[in-house]
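Student: A single structure is presented below for examination.
The values are calculated or read from the model by the stated rules, or taken from the named source; none is laboratory data. Owing to the predicted nature of the structure, the values given are computational and were not obtained by experimental measurement. Reconstructed Cβ throughout: ideal geometry from the backbone, glycine too, with neighbour counts over all protein chains shown. Remember, those area values only see protein heavy atoms, side chains included, never the ligands or the DNA or RNA. Shrake-Rupley method; radii C 1.70, N 1.55, O 1.52, S 1.80 Å.
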Amino acid sequence: MDITTIEFWIKIVLSILCGGIIGLERQLKGKPSGIRTSIFICLGTNIFISLGAANSGANVDVTRVLGQVVTGIGFLGAGVIIAREGLVVGITSASVIWVLAGIGSMIGFNHFLEAIVIAVITLLFLFGIGVIENRFSSLRAGAHSRNGDSIKNREENI
């Protein structure tokens, strides 16, 4: 990792852009992992992977760094999952955190185009599924209800 190279700055800017656009969607929806968090996840993962790759040698296994990132990011994602009134919420936010770490890893391993494609696909799913759910109210039943009713309240009304 050399701060004077264009590759270093491409990785930094790409991490900020990919994390930022996904984080913007999350923030606009009022989710716990917004712009800053998403940028930091993508950027931090890129840093760890880049450091591991830069210090690779005969006795160094870069995939061990990747494995530790996966473990750590899983712990971070678990922190956004909570149970509220019998409903588990935050699963999508936790999943997005996993994807952000994957994007940061791709950037760290110099897979720039792939990282951009995954970021775009992620946005398409986040926006697209929301549109579909809004068009078909039956998809909003149960845990995906957004009208504030809990399952308990709905069961009492049956």
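Student: Might you check whether a residue that is closer than 18 Å to HIS111 by Cα and out of contact with any strand residue (DSSP E or B) (no Cβ under 7 Å at 6 or more places or on another chain) occurs anywhere in region 69-88? If you could, list the steps in order and put the result at the bottom.
Tutor: Here is the first cut: in region 69-88, the ones closer than 18 Å to HIS111 by Cα are 69-70.
After this cut, where a residue has to be out of contact with any strand residue (DSSP E or B) (no Cβ under 7 Å at 6 or more places or on another chain) as well, the list is 69-70.
Checked region 69-88: at least one residue is closer than 18 Å to HIS111 by Cα and out of contact with any strand residue (DSSP E or B) (no Cβ under 7 Å at 6 or more places or on another chain).
Student: Among (1) among the acidic types (Asp, Glu); (2) open to solvent by 70 Å² or more (accessible area, probe 1.4 Å); (3) in contact with a Leu (Cβ under 6 Å, 6 or more places away or on another chain), which single condition is ASP61 missing?
Tutor: Status for ASP61: all satisfied but (3).
Student: Could you check region 30-124 for helices (runs of 4 or more DSSP H) lying wholly inside it with 2 or more residues that are on the phi > 0 side of the Ramachandran plot, modelled with pLDDT of 95 or more and of a type in the set (A, V, I, L, M)?
Tutor: On the way: elements: 35-54, 62-78, 91-108.
In region 30-124, there are no helices (runs of 4 or more DSSP H) which contain 2 or more residues that are on the phi > 0 side of the Ramachandran plot, modelled with pLDDT of 95 or more and of a type in the set (A, V, I, L, M).
Student: Just wondering, is there one or more residues in region 67-86 that are β-branched (Val, Ile, Thr), open to solvent by 20 Å² or more (accessible area, probe 1.4 Å), touching a Pro at 6+ places or on another chain (Cβ under 8 Å) and more than 23 Å from ILE116 (Cβ to Cβ)?
Tutor: yes
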